[in-house]
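Okay, so here's the structure we're looking at.
Nothing in this text is a laboratory measurement; each read-out follows from the coordinates by a stated rule. Please read these numbers as outputs of a predicted model, since none were measured by experiment. In this analysis, Cβ positions are derived from the backbone assuming ideal geometry, glycine residues included, and neighbour counts consider all displayed protein chains.
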Amino acid sequence: MRGIAKKSVSKRRADERLTNLERDAVVYAAVVDSALDAVIVVDDAGRVVTMNASAETTFGYSKSEAIGRSIGELIVPDHHRQAHEAGMQRYSATGVPHVLGRRVEMEARCKDGTIIPVELAITEVKLLDGRYFTANLRDLSAAKSAAAEIQRQREALHQSEKLGAIGSLLAGVAHELNNPLSVVLGQATMLQEELAGHAFFEAAGIRAKQIQTAAERCARVVRSFMAIARQNKAEKRSVAVAPLLDSALELLAYGLRSNGVAVYRDYDETMPEVFVDPDQLQQIVVNLIVNANQALQEVEGNRAIEIRTFVGEDDHARIVVDDSGPGISAVIEAQIFDPFFTTKPLGVGTGIGLSISRGLAESQGGRLALTTSMLSGAAFELTLPLARLDGSELPKNSAEQATVPHLAAGALRAIIVDDEIEIAKLIAESLSRKGYRSDVVGSGTEAQALIASGSDYDAVICDLRMPDMDGPALFHWIKTHHPALADRVVFVTGDALGPAAGRFLAESGRPFLEKPFTPADVARLIAGSSQREH
């Protein structure tokens, strides 16, 4: 009886062990099958024994398709196949593991041929009937995409910071150039006027005219740079297209000429004005011409850009920038307006020019799109709304409003406040030709002292930025202590009209003259105003 009892206990324990093994197997199978990562089990010949649902989803094979086939044939890319097979043979011969027990990143191939990045961990399992290998594979596509997006955003931020720094530098350089340019331009203009009509000095007059022309060109370039550097709110108005296009071409003339690019203009001379912000329109055109010029650097032989304007059937203006470059592949057409997408080498392009240009076009009530090239290259068509025939509703910009109601020809005295004395003298000389007697001072403090002493001025022409007392501070003092004189203040500015300056000028309601300016600009300021009441 005792022997029978022992045998019964042993059988019960064996049954319990079997039950435990069965239970563990069921639990293991459930865990594996519900795992988020792909799990593939192969034998020592590399043939698939089983795989879980995630492996089916990740690689596109059903379990019945995969079982019995070589894992190398299923998911190892062709360019890694030889190394995979050599590794299997080496381990089989030497028993020395290469990737067992390690996490490695590699590429895997799906059923449809797609190559995806995966993290792989292989575990060896030895059973009575042989060796098996469990491969755990995690699809890294989403993680890689997220990392790439983070890197793209980091680079985008870096590019944005660089562009911001460049914009500030550009504004600073423009400001520093404006003062000497104003002197050169003004003095050349007045010299030309003084020499006019004197035959003996005819040659000198011609030279003065050449200096004036060169200085005016520099002034236009500086104004164009300043327009691009501005971050002001869009100010739409009626704008003639042709002069603005010519201004953009002049700004880029050296780069086009040095690159051997021929520029052709096909303007519709009868096209009405458009209703846009001129600075933003110029930025769009500059971006398009710069892109075309860069594309033409890859072209041997004829390099050409053609700019066409016409009115479409929908009564909208069209500006087409066309080039004879390599064109744009149909593969990337849908991406060229995406932010930071570029086909240019590192350091050549930021990939934001076309994206910004399209955004600016849409903010003007227009659009920017690819169109058919007449030069077998790439052509971009900018569509813009025409200005209304009734110009009474169209807003005017600050420069056009820069008239002084109380400053008129024949007034007696003006005070000119500018820390650049040569600029102040130039303005004074321009005013003297209109009958003004001017006091010139180099700071707001000096101007304050003269005005406080009882000097009666018909006009105050003041620089906006000065190291001592600046224009806004002087203006606030005048409004407090001499309110009638505040209506006769005109500002002169040579900066890029940053937010603070723009807000002050808008709040003060006073007109301003932007450097570089000419004596004619000062004269127009006076001629457009009415007589002061005494």
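Here the peptides 35-43, 283-291 are ranked by packing, the mean other Cβ count within 10 Å, and the order with the highest first is 283-291, 35-43.
Would you kindly state how much longer the chain becomes between ASP44 and SER62 on full extension, computed as 0.36 nm times their sequence separation minus their alpha carbon distance, in nm to one decimal? The span from ASP44 to SER62 would gain 4.3 nm if fully extended.
Please report the relative contact order for the stretch 413-527, taking Cα pairs under 8 Å with a sequence separation of at least 6, and give it as a percent rounded to a whole number. After rounding, I find 25 percent. Here the simple spin-label model places points 7 Å from the Cα toward Cβ, and for ASP246 and LEU127 these points are separated by 8.7 nm. Specify whether the C-alpha gyration tensor of the stretch 19-139 places it in the rounded, prolate or oblate class, a ≥ b ≥ c being the square roots of the eigenvalues: rounded for a/c under 1.5, otherwise prolate if a/b is larger than b/c and oblate if not. Oblate shape, in that a/c is at least 1.5 and b/c is the bigger or equal ratio. Straightening the chain between GLN82 and ARG152 buys 21.7 nm, computed as 0.36 nm per residue apart minus the Cα-Cα spacing.
Note on HIS482 and MET374: with the Förster distance fixed at 51 Å, the Cβ-Cβ geometry gives a FRET efficiency of about 0.20.
Taking a ≥ b ≥ c as the square roots of the Cα gyration tensor eigenvalues, with a/c under 1.5 meaning rounded and otherwise prolate when a/b beats b/c, else oblate, which class fits the stretch 236-392? Verdict is prolate for the stretch 236-392. Extension gain, GLN297 to MET106, is 64.9 nm, computed as 0.36 nm per intervening residue step minus the present C-alpha separation.
Once backbone amide H atoms are built at 1.01 Å from N, SER373 has ALA379 as its partners under 5 Å, excluding neighbours fewer than 5 places away on the same chain. Counting Lys and Arg as +1 and Asp and Glu as -1 over every other residue whose Cβ lies under 15 Å from the Cβ of ASN302, the net charge comes to -4. Applying a threshold of 25 Å to the alpha-carbon distances of LYS63/LYS126; LYS63/LYS144; LYS209/LYS515; LYS236/LYS425 flags LYS63/LYS144; LYS236/LYS425 as lying beyond it.
Ordering 139-149, 318-328 by mean Cβ neighbour count within 10 Å, with the highest value first, yields 318-328, 139-149.
Converting phi to 3J(HN,Hα) with the Karplus coefficients 6.51, -1.76 and 1.60 and the offset θ = phi - 60°, the stretch 107-119 yields 9, 9, 10, 8, 4, 7, x, 5, 9, 10, x, 9, 9 Hz in sequence order, with x at every glycine or proline. Computed packing ranks the peptides 367-378, 429-440 as 429-440, 367-378, most packed first, by mean other Cβ atoms within 10 Å.
With K and R counted +1 and D and E -1, the other residues having a Cβ less than 13 Å from that of THR50 yield a net charge of -1.
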